[in-house]
Amino acid sequence: MSRLAERPLPASRERPPAPRAPVRRSVKPLARWRRDRLLLLLAAPGVVVVLLFHYVPLLGNVIAFKGYQPFLTIAESPWVGWDNFRVIFSGDPVFVNALTNTLIITLIQVLFVFPLPLALALLLNEVISERLKRTVQSILYMPHFLSWVIVVAIFQQVLGNAGMINAFLRAQDLETFSIIGVPELFKVLITSQVIWKDTGWGTIIFLAAISRVDTSQYEAAAMDGAGAVRRMWHVTLPAIRSVFILLLILRLGDALTVGFEQIILQQGAVGATASEVLDTYVYNHGIVGGNWGQAAAVGLTKGVISVLLVLGANKLAHMFGERGVYQK
Amino acid sequence: MGKPNRVLMALRGLILGLGCAAVILPFVAVVSTSLATQQEVTANGGFVFWVREPTLASYQAILSGGVVTRALAVSILITAVGSLLSLVCTAALAYALSRPGSLGSRPILLAVLFTMLFSPGMIPMYLVVKQLGLLDNLLALVLPVLINAFNVIVMREFFLDIPAELTESARIDGANDLTILARIVLPLSKAVIAVIGLFYAVGYWNAFFSALLYISSPEKWPLQLVLRTYVVNETPMGVDDVGSGSDSLPPQLSIQMAILVISIVPILLVYPFLQKHFTKGLMIGAVKG
């Protein structure tokens with residue numbers, strides 16, 4: 001379930017025209033087979049895995065149209081048409097709650113989390129000492145590599161009622177606070193966890209884009225009397241605009257996907273009303289609750305909408321003259 | 001480039017300093033508490049920010065047999081076997097796709113790229129794993145994530161940049177594709193192989209949800225599930241859950257923090273290497289449709 005956005009992608013790349021392996025001339029099929037069969041053999045294990053764990057499950061989405069029961073096979077289960085999708089359109093409160101939570105969390109994160117790496121990258125870019133900059137980067141990238149279980153555990157230990165900060169406040173006879181296990185603050189909590197984990201990592205791609213800016217542009221701007229702020233506005237920001245848009249497109253494609261592991265780990269403490277999102281709904285309703293067909297219908301709808309969002313956002317980017325994720 | 005504004009500079013330093021502190025200080029406290037004795041934990045009312053009489057009792061307790069030791073072995077096994085298999089399959093597939101015009105390479109490449117756009121969904125995935133008889137089998141933590149499309153593309157790009165003179169002259173000397181891959185392409189790609197191998201390894205080490213989904217027997221739990229149960233959910237550890245030997249356990253909080261430290265340390269060990277290469281190794285790869 002790893003997504004494209006997991007790792008930074010450069011928006012564009014200029015490569016000197018390197019001599020590549022020559023295109024193999026098309027010959028007769030049998031000769032081609034004899035020539036390339038070793039290559040096909042090499043590709044085979046990977047292809048089997050991709051087919052078995054991407055394309056077979058893709059077809060397995062037919063259970064969204066079936067009344068699946070665990071003791072029947074998918075083929076044996078009766079067709080039920082669009083029945084399973086009714087849960088999406090009938091205003092079922094549990095589903096609506098999951099959808100609302102998902103959209104609210106996405107909105108919060110696009111507004112407050114998404115711009116942070118850019119801001120941090122601009123800050124880091126102004127650090128003159130190369131060594132200091134690298135040290136700070138090493139520290140800030142680190143949390144990205146920790147699992148969500150570890151991040152959640154660390155947050156509990158630091159911010160929990162018996163956590164580090166409250167223990168300190170208690171020792172000073174000060175008022176303690178609680179954010180862990182409070183339903184009203186759950187969205188704040190998970191947002192702060194995302195910020196802690198991934199803001200540093202998110203700067204990489206912006207720093208790479210900034211480093212491509214021709215320094216003579218800064219010098220020219222300075223000669224023309226531009227101060228630090230105007231240089232940032234007129235030189236740095238235009239240079240990273242296409243990267244920013246690319247990442248925004250990818251983020252939009254993930255609009256319906258919000259921190260599944262992160263939320264499932266902390267759901268017990270705050271209850272479903274505050275924390276259920278679409279992915280946890282599919283898990284709780286389908287795998288735990290046994291409503292396989294309905295959960296698959298929700299998952300399928302979510303997947304289709306996500307693809308449409310990426311394609312739509314990409315189209316929009318093209319209309320505004322940007323490169324987007326892919327080109328026609 | 002203009003005069004540096006002092007207030008701005010101080011503000012910048014403050015923000016970056018706070019950011020670094022927010023990452024480092026929790027680690028210090030976690031390590032410190034894992035080394036603390038019962039007296040110190042009680043005296044501090046919980047967390048021990050700076051331990052005065054460090055003891056390895058917690059580590060001894062959890063590493064001399066019991067739940068954590070077993071989970072550690074499972075995690076190491078999955079990470080080692082998984083990363084190795086992933087690397088072999090990824091490199092082989094990437095090489096096959098890096099010979100333009102070869103039979104079937106175009107449709108295979110498109111099929112791999114398409115997996116990045118659409119994820120098949122949790123329920124069908126679960127049912128496929130179930131149909132294959134992989135439920136409660138450690139292979140379920142490896143096989144579904146064996147191939148990561150992004151890694152295939154990055155490695156393919158890297159292989160494409162290897163000068164054709166090298167591979168073609170070997171071909172004229174009678175080498176087949178397998179020999180070219182093993183003798184020429186792979187030795188020239190050590191950096192990208194190392195980086196992608198480490199990314200796979202971190203992924204396997206950190207995998208939590210797949211284990212929650214597919215593994216039901218506690219004796220097959222990887223470390224992340226043990227972490228969830230004993231650290232996130234704070235289920236107390238009994239004498240039976242740790243290695244034999246002592247009747248009295250170190251403080252629960254120290255045990256919890258020791259489990260946390262054990263699961264973080266491997267990441268910290270490979271981190272300097274990862275950090276040195278990920279920008280270089282991964283920025284060269286771009287998604288090309």
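The values are calculated or read from the model by the stated rules, or taken from the named source; none is laboratory data. This is a predicted model, so every value here is computed, not measured. Counting neighbours? That spans all protein chains shown, and the Cβs are built from the backbone with ideal geometry, glycine included. We work out accessible area using only protein heavy atoms, side chains counted, and drop any ligands, DNA or RNA first. Shrake-Rupley method; radii C 1.70, N 1.55, O 1.52, S 1.80 Å.
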* Residues of A:274-285, mean number of Cβ from any other protein chain within 10 Å of their own Cβ, rounded to a whole number? -> 1
* To do: Would you kindly derive the ³J(HN,Hα) couplings of the range B:177-182 from the backbone phi angles with the Karplus curve 6.51 cos²θ - 1.76 cosθ + 1.60 (θ = phi - 60°), listing them in order in whole Hz, with x for Gly and Pro?
  => 4, 5, 5, 4, 4, 6
* Residues of the range B:84-201: accessible area per residue at 1.4 Å, in Å²? -> 36 Å²
* In terms of the Cα gyration tensor, with a ≥ b ≥ c the square roots of its eigenvalues, is the range A:225-328 rounded because a/c is under 1.5, prolate because a/b exceeds b/c, or oblate? -> oblate
* Interface A:B - total buried accessible surface [probe 1.4 Å, Å², rounded to 100] -> 9000 Å²
* To do: Assign one of three labels to the range B:1-57, namely rounded, prolate or oblate, based on the Cα gyration tensor with a ≥ b ≥ c the square roots of its eigenvalues; rounded applies when a/c is under 1.5, prolate when it is not and a/b is larger than b/c, and oblate otherwise.
  => prolate
* To do: Write down the accessible area per residue of the range A:72-319 in Å², having rolled a 1.4 Å probe over the full set of protein chains.
  => 45 Å²
* With all protein chains present and a 1.4 Å probe, how do A:H234, A:H144, A:H54 order by accessible area, largest first? -> A:H234, A:H54, A:H144
* To do: Mind giving me the FRET efficiency for A:V188 and B:A21? R0 is 30 Å, r the Cβ-Cβ distance, nearest 0.05 is fine.
  => 0.90
* Overall form of the protein assembly as shown per C-alpha gyration tensor (a/c, 1.5; a/b vs b/c) -> rounded
* Amide H to amide H under 5 Å from A:K66: which residues, 5+ apart in sequence or cross-chain, H placed 1.01 Å off N in plane? -> A:V80
* **GNM flexibility winner over chain A from A:K28, A:K187, A:K66 (Cα, springs under 10 Å)** => A:K28
* What angle, in degrees between 0 and 90 and rounded to the nearest 10, separates the Cα long axis of helix B:252-283 from the longest principal axis of the Cα atoms of chain B? -> 30 degrees
* Structure fact -> Whole-percent carbon and sulfur contribution to the accessible surface of the range B:58-283 (1.4 Å, no ligands, DNA or RNA) stands at 66 percent
* **Average other protein chain Cβ within 10 Å of Cβ, residues A:293-301** => 3
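Could you look at chain A and say what percent of its accessible area is carbon and sulfur, using a 1.4 Å probe and all protein chains?
In chain A, the share of accessible area belonging to carbon and sulfur is 65 percent.
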* Asked: Could you give the angle, 0 to 90 degrees to the nearest 10, between helix B:6-34's Cα long axis and the longest principal axis of the Cα atoms of chain B?
  -> 70 degrees
* Pop out the carbon and sulfur fraction of the accessible area of the range B:1-55 as a percent, whole number, probe 1.4 Å. => 69 percent
